[in-house]
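Colleague: Could you have a look at this structure, given as structure tokens, before my questions?
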């Protein structure tokens, strides 16, 4: 599986200059589709719902939307353009195979490994049961932690290496919403280590995901009294945020049609 480590800072200062720019921290691209209150509703386990079912539904949704957003810019993520799998803060991600051997691979190859592994795991009936009588394995939570950690690596690479293309496609608010959802969900259930998420801590602050007085993430507030899953409030959330639920996938894909000219312009620029 993937592990992260900090790269040595190069002597020419190029890496540092690139880090200082961080397009994703600029005020004009910090928009997102859902308020903190709406995201909190999406993360808190509803009364009467099985904990593993809640983890499973979120894991599937996170995978679908990370895969979907990455697919929109995948042609820009090439072996020559992204020879290493990197994230903000000079973070480098190495791939660990099933035998524990770590390997440095290019970003598109790393992400292909991630998506293949996650898809295979989600399709395994013994791990993610779809039948009513199916039981989750004892190791289910640890597998979810592994999956969400890998998906976070992909998100970190999107912000670090491809946020310009994300903005050109007008998908930055969707990516920000997905990131905020994952961060608040992680704070609620502790799925990803802090040492992994701290590479985007500046974005957590910029998106105002922390309470100004207590310093705690806003998802730590108690769950509001409301309808059970499938109720009217959930339907409203589906309309408000394309990337925070599976049903929004078609709406996100449709944005590719409206951004075709920008997409072509970005491709021509890279070719030059």
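The values are calculated or read from the model by the stated rules, or taken from the named source; none is laboratory data. As the structure is a prediction and not an experimental result, all values here were calculated from the model. Positions of Cβ are generated from backbone atoms using ideal geometry, with glycine treated the same way; all protein chains shown enter the neighbour counts.
Colleague: Has region 131-139 got any residue that is in contact with a helix residue (DSSP H, G or I) (Cβ under 6 Å, 6 or more places away or on another chain), at pLDDT 95 or above and over 20 Å from residue 204 (Cβ atoms)?
Modeller: Narrowing region 131-139 to residues in contact with a helix residue (DSSP H, G or I) (Cβ under 6 Å, 6 or more places away or on another chain): 136.
Imposing the further condition that a residue be at pLDDT 95 or above reduces the set to 136.
Now narrow it down to the ones that are over 20 Å from residue 204 (Cβ atoms): 136.
Yes: region 131-139 contains one or more residues that are in contact with a helix residue (DSSP H, G or I) (Cβ under 6 Å, 6 or more places away or on another chain), at pLDDT 95 or above and over 20 Å from residue 204 (Cβ atoms).
Colleague: Continuing with this model, one more query. For region 128-151, check the following and say yes or no: at least one residue is out of contact with any strand residue (DSSP E or B) (no Cβ under 7 Å at 6 or more places or on another chain), over 17 Å from residue 63 (Cα atoms), surrounded by fewer than 22 Cβ atoms within 10 Å (Cβ to Cβ) and touching a residue at least 12 places away in the same chain (Cβ under 8 Å).
Modeller: Yes: one or more hits.
Colleague: Among 167, 105, which is in contact with a strand residue (DSSP E or B) (Cβ under 6 Å, 6 or more places away or on another chain) and either surrounded by fewer than 22 Cβ atoms within 10 Å (Cβ to Cβ) or in a loop (DSSP other than H, G, I, E, B) (or both)?
Modeller: 105
Colleague: Right, here's the next one. Which of the numbered conditions does residue 117 fail, given that it passes all the others? Conditions: (1) touching a residue at least 60 places away in the same chain (Cβ under 8 Å); (2) under 23 Å from residue 201 (Cα atoms); (3) assigned to a helix (DSSP H, G or I).
Modeller: (2)
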